Amino acid sequence: MCDGVAFSEVAMIGPALSSQPFVELLSLLSGIVSEPLLVEFPFERNYVTSIIRVSLYVSLAAVAASTLFSLPVAMLVGFTDFPGKRVVVAVINTGMGFPSVVVGLVVLFAVSNQGPLGSLELVFTKEAMIMSQFVLATPVITGVSLAAVTSVEEGVQDAAYAMGGTRLDVALVTIKEARYGIVTAVLAGLGRAISEIGSVLIVGGNIVRADGTSITRTLTTAIRVEARQGRYETAFVLGAILVALVLLINGIVLHLGGTGRGR
Amino acid sequence: MAIHRRKFLGATAGAVAATMAGCMGNDGENGDGNGGGDGDGDGAGAEIVGETLTLTTTTSTYDTGLLDEVNAAFEDRYGVAVDAVAQGTGAALETARSGDSDVVMVHARSLEDEFLEEGYGVNRRDLMFNDFVVVGPEDDPAGIDGMESATEAFQTIADTGSTFVSRGDNSGTHTKELAIWEAAGTEPGGNWYREIGAGMGDTLNQASESGAYTLADRGTFISMQDDVDLGIRVQGPIEGGPELLANPYGVIAVNPAVHSNAKYDLAMSYIGFLTSPEGQDIIENFTVDDKQLFFPEALSEDPNFQQYVPEGWSSDGSE
């Protein structure tokens, strides 16, 4: 029954997105997901809702920032030839598989009071978690977009030039041609961000206030805590929510991006 | 195609809006990150209202649920939020060393003493105690059930090569376990000894799954005993076991002379609250399955100077 409701949500989200912030949608969503299971749930709804909110806030912010950074980089690298280009591409591809705990460790040292960004007091905050997820998502989004951009046929770009287009026009045409690949890139980045645990655990500290409000606890780190305490049922419920969220986001983006029709 | 792109942009705008909404929502409800002492003063007038105290502590205080109880009471009384990071004693002290927390609540006197001697911590207080217990599977392959001595039990586990799961994470419990091996004159190692580098809950789960022995703090064990197939084999001092298994907790403020960003006044308020009759009452009355998990020890009419200094320290010796 859960599935049916969630599915119709996907269909009506399009118009809702632009008008209302979807914090409301989140509480709705968590209500839908947790209500049938509430019998076994030892927590107030506030706990689950705030965890979902932290997870989405951190991952979406990181992916949004990463996309803004990655697309120009991918275009630049894709369109220009320069010495050492292959090295840059190799570095980007290596970054795709970079272990998240190492990223967490590096970001921790950067934001720690002793580190270069220490004065900003970012350790154990969502902002630090966004930083580490930005680092994790960027190579994925850049790498996959780069592949998409470079696979656009040169003929398309030549045609745009021939029609008197500026470099910007050519870039826009290329992005349009490569849009499926770019959407895939963003989704891959989001998948990497929202499902990773290593870095957010280290830099975020997995904090929940005494009243059950999550400060830096995400779905992944919450699952770890519940498993540690032997509450496997709760861990599974949170796991199901995480998978459902990823599916939902993929559904929304694919629906709005129109890739469904491309198949 | 143009329509599709507009839809896509709409989605992006929606995502940005959601991001910003999330951001504003957070600022509204926890009010941290403003750094200043202005707070939001909901008519309370006090300057500290809305500030955040960062506590690094052990997994045992969090996993038992005690931390939520005392922190909720503290937050009510002072209007200050507590960000508790449950890490294990070694990591909790290390985080405080780099100035990333304001106060620590831990349970390994030797590590606490190092922390004090290096100048990172000030104003240590004894807070509470419980004890460690040696737990193991019901069929008790090593035959240690009911032993009066922890060292003898450990020795027997090693001699029979029965599986033993070690925290292996430089926590208070791990420190105690290593001290017991040392007292037993045994160097643990070999196939039967598994260091898993995890918290108490994970360790109990793994010991339960693999029919192994482990050392656990009584609090976490009681709060989890319904979920694991393990029983107490050697009791701690609370139930008449050896004094070696005592588990005292201390609370220490981070030295504001070393880390000027440490919220020392809040840390001292927190320590003051925990060691006050009210705070000690909460600890005393905290139960899981009708069992008291922690025993307050901050209140005493007789002076107890050793709680303020590294163990065995005296001013004569240092001069």
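The values are calculated or read from the model by the stated rules, or taken from the named source; none is laboratory data. In this text, all values refer to a predicted model and were calculated from it rather than measured experimentally. With ideal geometry, Cβ positions are generated from the backbone for all residues, glycine too; neighbour counts draw on all protein chains shown. When the accessible area is computed, the model is the full protein with side chains, heavy atoms only, and any ligands, DNA or RNA have been set aside. Shrake-Rupley method; radii C 1.70, N 1.55, O 1.52, S 1.80 Å.
What shape does segment B:131-245 have by the C-alpha gyration tensor, where a ≥ b ≥ c are the square roots of the eigenvalues, rounded means a/c under 1.5, and otherwise prolate means a/b greater than b/c and oblate the rest? Note, shape of segment B:131-245 comes out rounded.
The protection proxy used here, the mean number of other Cβ atoms lying within 10 Å of each residue, ranks peptides A:137-145, A:153-161, B:148-156 as follows, highest first: A:137-145, B:148-156, A:153-161.
Take each residue of peptide A:104-116, count the partner chain Cβ atoms within 10 Å of its Cβ, and average: the result is 2. Ranking B:Phe164, B:Ala179, B:Gly240 by Cα position along the charge dipole of segment B:131-245, where only Lys, Arg, Asp and Glu carry charges on their C-beta atoms, puts B:Ala179 farthest toward the positive end. Residue-wise HN-Hα couplings along segment B:199-216, as the Karplus relation 6.51 cos²θ - 1.76 cosθ + 1.60 with θ = phi - 60° gives them from phi, are x, 4, x, 4, 5, 5, 4, 5, 4, 5, 4, 10, x, 10, 8, 7, 9, 9 Hz; Gly and Pro carry x. Taking a ≥ b ≥ c as the square roots of the Cα gyration tensor eigenvalues, with a/c under 1.5 meaning rounded and otherwise prolate when a/b beats b/c, else oblate, which class fits segment B:185-239? Note, shape of segment B:185-239 comes out oblate. Pairing chains A and B buries close to 3500 square angstrom of accessible surface in total, based on protein heavy atoms and a 1.4 angstrom probe.
Computed about the Cα centre, the dipole magnitude for segment B:131-245 is approximately 240 debye when only Lys and Arg (+1) and Asp and Glu (-1) carry charge, each at its Cβ. The mean number of Cβ atoms from other chains found within 10 Å of a Cβ in peptide A:119-126 is 5, as a whole number. Here segment B:131-245 has 39 percent of its accessible surface on carbon and sulfur atoms, given a 1.4 Å probe and all protein chains in place. Amide H contacts under 5 Å for A:Ile215: A:Ile207, A:Val208, A:Arg209, restricted to partners 5 or more places along the chain or on a different chain, H placed in the peptide plane at 1.01 Å from N. Less than 5 angstrom separates the built amide H of B:Val82 from those of A:Ala210, B:Leu53, all sequence-distant by 5 or more or on a different chain. Once you sort the root eigenvalues of the Cα gyration tensor of segment A:72-228 as a ≥ b ≥ c, which label holds: rounded (a/c under 1.5), prolate (a/b larger than b/c) or oblate (the other case)? Prolate, because a/c is 1.5 or more and a/b exceeds b/c.
Between B:Arg233 and B:Val134, B:Val135, B:Gly136, the built amide H atoms are under 5 Å apart, and every one of these is 5 or more places off in sequence or on another chain. Couplings for segment A:136-143, taken from phi via the Karplus curve 6.51 cos²θ - 1.76 cosθ + 1.60 with θ = phi - 60°, read 6, 7, 4, x, 5, 5, 4, x Hz in order; Gly and Pro are left as x.
What accessible area per residue, rounded to a whole number of Å², is obtained for segment B:131-245 using a probe radius of 1.4 Å? Ligands and nucleic acids excluded, the figure is 38 Å² per residue. Of the whole protein surface, B:Met268 contributes about 60 Å² of accessible area at a 1.4 Å probe radius.
Report note on the peptides B:47-57, A:213-223: ranked by the mean count of other C-beta atoms within 10 Å, highest first, their order is A:213-223, B:47-57. With θ taken as phi - 60° and the Karplus curve 6.51 cos²θ - 1.76 cosθ + 1.60 applied, the whole-hertz 3J(HN,Hα) list for segment B:133-145 is 10, 8, 10, x, x, 4, 6, 6, x, 7, x, 9, 4 Hz, x standing for glycine and proline. Shielding of peptide A:208-215 by partners, expressed as the average count of other chain Cβ atoms within 10 Å per residue Cβ, is 6. Between the residues A:Ala227, A:Gly189, A:Met163, the greatest Cα displacement towards the positive end of the dipole of segment A:112-263, with unit charges on the Cβ of Lys, Arg, Asp and Glu, is found for A:Ala227. Here the relative contact order of segment B:131-245, from alpha carbon pairs under 8 Å that lie six or more residues apart, stands at 45 percent.
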